[in-house]
Structures are given as C-alpha cells and as structure tokens.
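What follows is a short report on a single structure.
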Amino acid sequence: MLKNRSVVSIEDVDSDDLNDLFDLSDSMLRTIEKGGSTDLLRNKIMATLFYEPSTRTRLSFESAMHRLGGSVITVSDVKTSSVAKGETLADTIRMASSYSDIIVIRHPLEGAARLASKFANRPVINAGDGSGQHPTQTILDLYTMRKETGSIDGKVVTMVGDLRYGRTIHSLIIALSKYDVKINLVSPQILRLPEYVYTKIGDRSRIKEYDDLSSVIADTDVLYVTRIQKERFTDQNEYQSVIGSYSVDGDLVSKMKKDAIIMHPLPRVDEIRPEVDELPQARYFKQAYYGVPVRMALIYRILGD
Ligand code: NCD
C-alpha cells in the first residue's frame, strides 16, 4: 500500500504495489489516449524541486499531475530560489511541504531524497538522487518491458553503459532481481556495477559481466542502453578514457532477435545512432511516453482515496 507513503528507493514499492501500478497505468493510458483527463486529485498540489537538469522526468510528473486534475508549483532553476541565498535543503523542504500535498525532488547528492523525506510532513518522491536511485524511472521501465514484450519473467536483459553512476540502472537491477530474468552487464572496467548494489540483490548467480556486446547481443530480449554521464566523473581523464565506448547502430541491431526491444531512459548522446530510431526494436520514445500514465498511477495511489 502506497497511500501517503514516500517513494525514495525502488525497495519502497513491493511486488503487489508494482502489479497494481501496472494495471492502473493501463487505465490511465486509456484515459490519455481518449484525449481525456480526470479530476481524481482536484485540489491537490504537487511541488517539484529540481536541483539537476531534467526534461522528461519533470515534464511527465507535471503532465501527470495536471491530467489527474491537480496543480503544480515548481522550482526548476535553483538559482532563482532561496537555495541561491544559502538556504539548506531541510528548510526548503519544510517550506515546500507546507505549500503542497506531495513533493517530487531531484538532487545531485545521493541520499538527498531520503533526507528530504525526513524533513517533509508530506510524501516525497525521489526523481533521481545523484548516482543513487531513480525509482519512478524503474516503474516505467518495468511497465514498458511488460507491455512491449508481453512479460518480464523469462527474459534476458542486457544493460550497457554507465553501470557505476547510473541511478536508473541501480534501481532497475534491484527491481529485476525479484523476477525470473537473466541479466548481462556490459561496461568498461571502471564503470562496473557498484558492490553495494550487488549486496542489496544478494543472489548474483543470474548476473554476468562483459566488456562488450558481441557475445550477448544475439540472445538479448531487452537491450537497456544508458548514457555515460560526464557530470558524474570527478576525474575528466577517466571520462575521456570511456567516452564513446558503445554505439548501438543498424549493424548491431541486425544481429538482435526480431522481437527484441531497445530501451534507454534518455537523454542519449551518441550511444544509439539515429538510424536505429526507425527500426522496429527501438522503444525508447514509447518508454518515455509511458512516463505520464505510470506517474499518474503512482501519484494517485499515494494521494488518492
Ligand atoms: C536519467 C537520469 O536523469 O537519471 N534520465 C531520466 O531521468 N530519464 C538518465 C541520464 O541522465 O542519463
């Protein structure tokens, strides 16, 4: 049950919650596709606090709240808020929670959303905390896999790119460890999955690590590509050594199963070539589209009756 609860980590959402959210997302999607909105959350206010760049996540949260009949107040540029005067996160959160019913926060520091949830007397949703987690992206990623391939169980999921700093990866692997899937992790040595994520998962027997895609691409059902995140590197020489490590192009996709799918949380830089966008396996724009119905479902479960 998510009623009045914060979602800071994907572990805050259990498998019953997930199944319920998938069903509710289907119904929210039907509402959107009929061109409609609802007034389920009329009179409710969402505060969105984005201390890091975002396009999809912020817009889809705000669109979701509007489609639920609620309204949104936002700080998208911290330079224009009192943060620029030196206000602490704790004080900003205390204020935001006195002006709203739910807070969505993105912050460059790992643990910031957890901290925010301690100071807020409203539910807090983590929209990405540094290299930590991005639980709502994971809910929409799982929804996309289920919708676009029929099921999550039984699949071979290959994740490629920045597994070290990628918060979408951390949340997704933790969630997938509860399903019957095989996971291939493909990255340069210095961008391997952090040990603490393995510790959370426990059983690592269904996860294998590789340096390149060649030996796993033909067996893959879901290829989950991520951006190498320049902004997370403290040593720019390290970044230079891995830039452009992977590129998904038409030639690589021709080696994939016909019914495999390619996902990416976006934004992409050069890790998926534009020619792939037209291929049937490409689902990353569809995935981004599902962000609205999935976030409608989540916000409604937290704030609704
Ligand atoms: C991701 C993020 O911010 O973690 N994007 C997103 O939310 N869709 C991935 C990224 O920035 O590379």
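Things worth noting here:
- Filtered residues of region 194-248 (kept if among the aromatic types (Phe, Trp, Tyr) and within 16 Å of the ligand (Cβ to nearest atom)): TYR224, PHE233, TYR239, TYR246
- First in region 81-109 and modelled with pLDDT under 90, second anywhere and part of a strand (DSSP E or B), Cβ under 6 Å, 6 or more apart: SER81/VAL75
- Unmet criterion (only one of (1) away from the ligand (no atom under 16 Å from the Cβ); (2) of a type in the set (A, V, I, L, M, F, W, C); (3) under 23 Å from ALA297 (Cβ atoms)) for ILE93: (3)
Residues are listed down the side, and each one gets a yes or a no for (1) in contact with a Pro (Cβ under 9 Å, 6 or more places away or on another chain); (2) part of a helix (DSSP H, G or I); (3) closer than 16 Å to VAL222 by Cα:
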residue	(1), (2), (3)
MET256	no, no, yes
PRO265	no, no, yes
VAL276	no, yes, yes
PHE285	no, yes, yes
VAL294	no, yes, no
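- Helices (runs of 4 or more DSSP H) contained in region 12-112 and holding at least 3 residues under 16 Å from GLY128 (Cα atoms): 56-67
- Filtering region 155-184 to residues that are under 11 Å from ILE10 (Cβ atoms) and away from the ligand (no atom under 13 Å from the Cβ) leaves ILE173, ILE174, ALA175, LEU176, SER177, LYS178.
- Of all residues in region 240-278, those satisfying the criterion of being farther than 17 Å from ILE228 by Cβ, in contact with an Asp or Glu (Cβ under 8 Å, 6 or more places away or on another chain) and buried (at least 18 other Cβ atoms within 10 Å of the Cβ) are ALA260, ILE261, VAL276.
- In region 275-304, the residues that are closer than 21 Å to LEU40 by Cα, among the small types (Gly, Ala, Ser) and within 16 Å of the ligand (Cβ to nearest atom): GLY291
- Taken as a whole, the condition of being touching an Asp or Glu at 6+ places or on another chain (Cβ under 9 Å), closer than 17 Å to LEU140 by Cβ and surrounded by 14 or more Cβ atoms within 10 Å (Cβ to Cβ) applies to ARG106.
- Residues satisfying the stated conditions in region 212-226, i.e. surrounded by 12 or more Cβ atoms within 10 Å (Cβ to Cβ) and either aromatic (Phe, Trp, Tyr) or at pLDDT below 95 (or both): ASP212, SER215, TYR224
- Matching strands (runs of 3 or more DSSP E) fully within region 126-237 where at least 1 residues are more than 28 Å from ARG56 (Cα to Cα), among the hydrophobic types (A, V, I, L, M, F, W, C) and assigned by TED's automatic domain parsing to the domain that holds PRO265: 207-210
The values are calculated or read from the model by the stated rules, or taken from the named source; none is laboratory data. Quick caveat, the model's predicted, so the values are computed rather than measured. We place every Cβ from the backbone using ideal geometry, glycine too, and count neighbours over all the protein chains shown.
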